[in-house]
Amino acid sequence: MIRAVGFDLDNTLIDFMRFKEETAEAAAKAMVEAGLDEDPSILAEQIFEVYDEYGIEYQKTIGSLLWEKQGIRDFREFERIQQAGIVGYQRRKFQSLKTYPEVKPTLKKLNEKLNRSIYIITDAPRNKAWQRMYITGLYPYLKTEHVFTLDKTNERKPSPKPFEAFLEETMFKPEEVLYIGDSLERDVKGASRAGLKTALAKYGQIQQKKIEEKPDYVLENFKEILEIV
Ligand SMILES: [Mg+2]
């Protein structure tokens, strides 16, 4: 019997890809308005090329774009357009970072079923995880007395360590916990290594690589979790 549910954050509860797309468009538009001579849709594509190269959480994306993709070597110009892009991104961030539409009403029902045993187990650092929970308004739906972030073990999924730390702290048995994430390679693999039940958030999957890992459940829509728990 499932007594607790753990969630990955990005692309599972939060529509992270849409957020990245909208903020890339806003940053591109701001740089063009600041005088960068390029088509904004090409700039937005180049932002994603930087993400592909350095990771989606890379903190110097606009700088890399201007230096590597646009070849800007005049530092005064570089700084000015870079800051325009960063401000464009930041302004948009607070409107664009949202949960999938079904998430909050479903978590409300799930909380009633599980007596508030809904947790976050994420690879995001603690400050980023909290920032995202505040911006999206997710935190009232979660058991935030225990938030499991990268800082807890300093090991990333698919390491079983973050899940073992969760079990140790909450005292649940592995088979009593269902973990939901969008990555077969990280979420499903890591959680099943620690003996948890797993569900794949198929609606949040970006690329479908061929991976042996088999989740116990597959969610086409977030709401379907109510049929499992
Ligand atoms: Mg994810």
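Which whole-number percentage describes the relative contact order of the range 96-227, with Cα contacts under 8 Å and a sequence gap of 6 or more? Computed value for the range 96-227: 20 percent relative contact order. The fewest-to-most ranking of ASP123, ASP39, ASP8 by surrounding Cβ atoms within 10 Å reads ASP39, ASP123, ASP8. In terms of its alpha-carbon gyration tensor, the chain comes out prolate; a/c meets the 1.5 threshold, and the first ratio a/b outweighs b/c. Of the GluC sites (Glu not before Pro) found in the range 77-129, those in coil by DSSP whose Cβ has at most 16 other Cβ atoms within 10 Å are GLU102. What's the angle, to the nearest 10 degrees (0 to 90), between helix 75-96's Cα axis and the longest principal axis of the chain? Helix 75-96 sits roughly 40 degrees off the main axis of the chain. Here's how it looks for TYR119: its modeled amide H is under 5 Å from those of VAL5, GLY6, PHE7, LYS143, which are all 5 or more places away or on a different chain. Seen against the Cα atoms of the chain and their longest principal axis, helix 161-170 is set at about 50 degrees. For the range 17-96, averaging the sequence separation of C-alpha pairs within contact (under 8 Å, six or more residues apart) and dividing by the residue count gives a relative contact order of 48 percent.
Please arrange ARG92, ARG132, ARG193 by how many other C-beta atoms lie within 10 Å of their C-beta, fewest to most.
On the way: ARG92 19, ARG132 22, ARG193 16.
Least crowded to most crowded, the residues run ARG193, ARG92, ARG132.
Legend: ranking of residues MET31, MET133, MET171 from fewest to most surrounding C-beta atoms inside 10 Å; resulting order MET171, MET133, MET31.
Note on the range 17-96: percent of Cα-Cα distances in each 10 Å bin, starting at 0 and stopping at the bin with the largest distance, equals 21, 59, 19, 1.
Placing a pseudo-label 7 Å from each Cα along the Cα-to-Cβ vector at GLU155 and LYS113 gives an inter-label distance of 3.0 nm. Measuring r between the beta carbons of GLU57 and ALA34 and using R0 = 30 Å, the FRET efficiency lands at 0.75.
A simple rule links phi to the HN-Hα coupling: the Karplus curve 6.51 cos²θ - 1.76 cosθ + 1.60 with θ = phi - 60°, which for the range 9-21 gives 9, 6, 6, 10, 9, 9, 7, 5, 5, 4, 4, 5, 5 Hz, with x for Gly and Pro. Rounded, prolate or oblate, given the Cα gyration tensor of the range 167-229, with a/c below 1.5 counting as rounded? Judged from the Cα gyration tensor, the range 167-229 comes out oblate (a/c at least 1.5, b/c at or above a/b). Restricting the GluC sites (Glu not before Pro) of the range 123-219 to loop positions (DSSP other than H, G, I, E, B) with no more than 10 neighbouring Cβ atoms within 10 Å leaves GLU145, GLU212.
Only the coordinates and a few stated rules stand behind these numbers; no lab work does. In this text the structure is predicted, and so the values were computed from the model without any measurement. Neighbour counts run over all protein chains shown; Cβ positions are idealised from the backbone, glycine included.
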